[in-house]
1. Of everything in the stretch 35-74, what is open to solvent by less than 20 Å² (accessible area, probe 1.4 Å), in a loop (DSSP other than H, G, I, E, B) and touching a helix residue (DSSP H, G or I) at 6+ places or on another chain (Cβ under 7 Å)? Give them in sequence order.
2. Among the listed residues GLY78, GLY27, GLY11, GLY15, which satisfies the condition of being more than 17 Å from VAL144 (Cα to Cα) and without any contact (Cβ under 8 Å) to a residue 12 or more places away in the chain?
3. From PHE106, PHE164, PHE136, grab the single residue that is open to solvent by 20 Å² or more (accessible area, probe 1.4 Å), modelled with pLDDT under 95 and aromatic (Phe, Trp, Tyr).
4. Just need a number here: residues in the stretch 111-150 that are touching a residue at least 24 places away in the same chain (Cβ under 8 Å), of a type outside the set (Phe, Trp, Tyr) and more than 17 Å from VAL33 (Cα to Cα).
5. Can you find a residue that is at negative phi and exposed (fewer than 15 other Cβ atoms within 10 Å of the Cβ) anywhere in the stretch 118-129?
6. Give the residues of the stretch 75-84 that are outside any loop (DSSP other than H, G, I, E, B) and open to solvent by 10 Å² or more (accessible area, probe 1.4 Å), sorted by residue number.
Amino acid sequence: MEYIDIFTRDGQYTGVTRPKHDPKKRGEYYRHVLVIMKTTDSPAPGEGEGLYIVQQRSLKARFYPGMWDMTGGAVMAGELQEAAAIREVKEELDITISPEELKLGFERIVDWDDGTGLLLSVFMCRVDVPENGFKFDPHEVNDVKVMPFHEFLYHVSDHNDEDFCNGLKEIEKKL
């Protein structure tokens, strides 16, 4: 069973740890990470559109089944966000990222209608496309593609707000 730490909206740890899939109560937030992966063979910033590794969520996923999205997931109890980002990429796509390769892109607070939410850290890195194709976890991922930035942004814009997408545009400019 996976456990997560519970925080207040302003990031203070509440002292509560519970199973990941237990319902959250009003005012409870948990940490979540996303990893934006630009291919190492993409042009340098400002020299052309980058290529991004994007995964299609499992068709059985609770949220956004079958949609193209970024790699990511919950930060486990006691885990640092950077470690969670590295773990999620390894678990979902079998890609190894070193801590030195991973940079924080931006952070934001996501508030949900039920009064809960998440504290989101969006990381960025450049990675090699595996020579023998992607090895992904079929329980979490249905498919993996490399897409130009405009296509990647189009796919994730349908379930992310304008501020989030503007953060992605800033990542494209500097990664």
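1. GLY50, MET70, listed by residue number.
2. Answer to the check: GLY15.
3. After ruling out the rest, the residue left standing is PHE136.
4. Step one: list which residues in the stretch 111-150 are touching a residue at least 24 places away in the same chain (Cβ under 8 Å), which gives 111, 114-130, 134-150.
Next cut, of a type outside the set (Phe, Trp, Tyr) only: 111, 114-122, 124-130, 135, 137-148, 150.
Checking which are more than 17 Å from VAL33 (Cα to Cα) leaves us with 114-115, 127-130, 135, 137-139, 142-148, 150.
Count: 18.
5. yes
6. Start the filter on the stretch 75-84 by keeping residues that are outside any loop (DSSP other than H, G, I, E, B), which leaves 81-84.
Residues satisfying the conditions are GLN81, GLU82, ALA83.
The rows are residues; the columns are (1) at pLDDT 95 or above; (2) not basic (Lys, Arg).
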residue: GLY15; (1), (2): yes, yes
residue: PRO23; (1), (2): no, yes
residue: GLU28; (1), (2): yes, yes
residue: LYS38; (1), (2): yes, no
residue: PRO45; (1), (2): no, yes
residue: GLY50; (1), (2): yes, yes
residue: ARG57; (1), (2): no, no
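The values are calculated or read from the model by the stated rules, or taken from the named source; none is laboratory data. Fair warning: this is a prediction, and the values are worked out from it, not measured in the lab. When we count neighbours, we look across all protein chains shown, and the Cβ atoms used for this are built from the backbone with ideal geometry, even at glycine. Heads up: the accessible areas ignore ligands, DNA and RNA and are worked out on the full protein's heavy atoms, side chains in. Shrake-Rupley method; radii C 1.70, N 1.55, O 1.52, S 1.80 Å.
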